[in-house]
Structure formats: structure tokens, C-alpha cells
Amino acid sequence: MKKYRDNGAIGALLDEYERAIEDLQAVLAPISNQALVTIVDTKTTDPDCISIQTILAHVVKAGYNYAIAIRNNLGETLGYRQAIPLKSVAAYQEELKQMFTYNEQLFEDYPTIVLAEHSSQKKILVSWGQRYDVEQLMEHAIVHILRHRRQIERFKIKMSV
């Protein structure tokens, strides 16, 4: 039976984030290392979306960077991660676990973090120009995983994987 976290909204966010990552890892399981690097979308202008490898490098980078943006907003001074292409599905599955652990650590380091912020000046300005409070940014992080899991599922259909 699944064990749920008992720390309210933070627990719910972490449980759903973890579930989204586990679902993505399950989608990745049957993919060969050759299929991982196969160029699937030759029409996109987005270099993060041409293969499963580029999608996953983007997903991992973004997952770390959401937590880094929150930490920087709390007064830390951290550099943002770059996308790192990995050579195997197993390596991405492990890196997704590590990325989630990094996000979990954020809430261990800041157990009384304010999730909802109504003042736009106190919200986190992210690289694409939006402003989010912590809860909104974590919800975005969860949906980001879901959207790219769907994209990978569609790539698998195109490749007959």
C-alpha cells in the first residue's frame, strides 16, 4: 500500500510529484537506449523536444531549477542547472529519483515555507517571465512531468516502441 506524507499541502505536492515521476519512469522502462536517442520530431524548432533523450534532459534540468528558483527566492544564491544528455534510460530513471530527492530536501530545509503568496511582488519570477508562489511553481513542476510523459508516450507510438 502506498504511504502518503502527513504534512498537509506540502505532503500532497510531494506525493503527487513523486507519483508523476514514477509514472514517467514506468513509461521509460521498455525504451531501448537506441530509441532514447532516436530523432522523432524533425519538424519542431524546440531542441528540447526532438528525441526522448532531449525531453528527459530538459525535464531533469527543469525539475532541479524549480527548486533552485524557490531557494534563490528564499535568499540562497544558487546557479541554475544546464541540461545534461545521458546515454541510457536507466541513467535518466536514476537522475529523476535524484531530482525528486533534491525537491524533497527543499521542504526538509524549509519546513515552514509559505506556499501561497498573494502579493505578486513576493512571487518568484521565473526564467520564462511568469510569477509563481511556491505552491503554483510546484504544481507547475508536477504538470510539467505529466505533459512530457504524454509527449514521450506519443513518441513511443511513432517509433512503435
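The values are calculated or read from the model by the stated rules, or taken from the named source; none is laboratory data. From a predicted model like this one, the values you see are computed outputs, not experimental measurements. In this analysis, Cβ positions are derived from the backbone assuming ideal geometry, glycine residues included, and neighbour counts consider all displayed protein chains. Remember, those area values only see protein heavy atoms, side chains included, never the ligands or the DNA or RNA. Shrake-Rupley method; radii C 1.70, N 1.55, O 1.52, S 1.80 Å.
Looking only at segment 22-38, which residues are outside any helix (DSSP H, G or I) and under 9 Å from Q53 (Cα atoms)?
Residues of segment 22-38 that are outside any helix (DSSP H, G or I), as a first pass: 29-32, 38.
Residue satisfying the conditions is T38 alone.
Which condition breaks for E108 when tested against (1) in a helix (DSSP H, G or I); (2) within 18 Å of D48 (Cα to Cα); (3) of a type outside the set (A, V, I, L, M); (4) free of Cβ contacts under 8 Å to residues at least 12 places away in the same chain?
(2)
Is there a residue being open to solvent by 60 Å² or more (accessible area, probe 1.4 Å), assigned to a helix (DSSP H, G or I) and either modelled with pLDDT under 95 or hydroxyl-bearing (S, T, Y) (or both) anywhere in segment 82-90? Steps first, please.
To start, the set of residues in segment 82-90 that are open to solvent by 60 Å² or more (accessible area, probe 1.4 Å) comprises 82, 84-85, 87, 90.
Add one more test, that the residue is assigned to a helix (DSSP H, G or I), and what stays is 90.
With the extra rule that they be either modelled with pLDDT under 95 or hydroxyl-bearing (S, T, Y) (or both), the set shrinks to none.
Looking through segment 82-90, none of the residues is open to solvent by 60 Å² or more (accessible area, probe 1.4 Å), assigned to a helix (DSSP H, G or I) and either modelled with pLDDT under 95 or hydroxyl-bearing (S, T, Y) (or both).
Six or more apart or on different chains, Cβ atoms under 7 Å: show the pairs whose first residue is in segment 68-86 and free of Cβ contacts under 8 Å to residues at least 24 places away in the same chain and whose second is in a loop (DSSP other than H, G, I, E, B) and of a type in the set (S, T, Y).
Within 7 Å, the pairs are I68/Y80.
Could you list, in sequence order, the residues of segment 39-65 that are assigned to a loop (DSSP other than H, G, I, E, B), among the hydroxyl-bearing types (S, T, Y) and crowded, with 17+ Cβ neighbours inside 10 Å?
So the first thing to find is which residues in segment 39-65 are assigned to a loop (DSSP other than H, G, I, E, B), and the list is 39-46, 50-51.
Narrowing the set further to residues that are among the hydroxyl-bearing types (S, T, Y) leaves 42, 44-45, 51.
Selection gives S51 alone.
Tell me which residues, restricted to segment 8-36, are in contact (Cβ under 8 Å) with a residue 40 or more places away in the chain and loosely packed, with under 15 Cβ neighbours inside 10 Å.
Residues of segment 8-36 that are in contact (Cβ under 8 Å) with a residue 40 or more places away in the chain, as a first pass: 9-10, 13-14, 16-18, 20-21, 23-25, 27-33, 35-36.
Those that are in contact (Cβ under 8 Å) with a residue 40 or more places away in the chain and loosely packed, with under 15 Cβ neighbours inside 10 Å: A9, D23, A29, P30, S32, N33.
In the list S51, S127, which residue meets the criterion of being modelled with pLDDT under 95 and either among the polar types (S, T, N, Q) or closer than 20 Å to R19 by Cα (or both)? Step through it out loud before you land on a result.
Values: S51 fails: modelled with pLDDT under 95.
Result of the check over S51, S127: S127.
Every residue in segment 130-161 that is of a type in the set (A, V, I, L, M, F, W, C) and either at pLDDT below 95 or open to solvent by less than 90 Å² (accessible area, probe 1.4 Å) (or both), please. Before you say what the answer is, go through the steps one by one.
Of segment 130-161, the ones of a type in the set (A, V, I, L, M, F, W, C) are 134, 137-138, 141-143, 145-146, 152, 155, 157, 159, 161.
Answer for segment 130-161, where residues must be of a type in the set (A, V, I, L, M, F, W, C) and either at pLDDT below 95 or open to solvent by less than 90 Å² (accessible area, probe 1.4 Å) (or both): V134, L137, M138, A141, I142, V143, I145, L146, I152, F155, M159, V161.
Output yes when any residue across segment 141-149 is of a type outside the set (A, V, I, L, M, F, W, C) and farther than 28 Å from N33 by Cβ, and no when none is.
We begin by selecting, within segment 141-149, every residue of a type outside the set (A, V, I, L, M, F, W, C); these are 144, 147-149.
Then drop every residue that is not farther than 28 Å from N33 by Cβ, which leaves none.
No, there is no match, as no residue in segment 141-149 is of a type outside the set (A, V, I, L, M, F, W, C) and farther than 28 Å from N33 by Cβ.
Determine whether segment 84-96 contains at least one residue that is in contact with a Ser or Thr (Cβ under 6 Å, 6 or more places away or on another chain) and not aliphatic (A, V, I, L, M). Spell out how you get there, then give the answer.
Our first condition is that a residue be in contact with a Ser or Thr (Cβ under 6 Å, 6 or more places away or on another chain); within segment 84-96, this holds for none.
No, the conditions are met nowhere in segment 84-96.
Any idea which residue in segment 93-125 is farthest from R5 (Cα to Cα), counting only those that are surrounded by fewer than 17 Cβ atoms within 10 Å (Cβ to Cβ) and of a type in the set (A, V, I, L, M)?
Top of the filtered list is L125.
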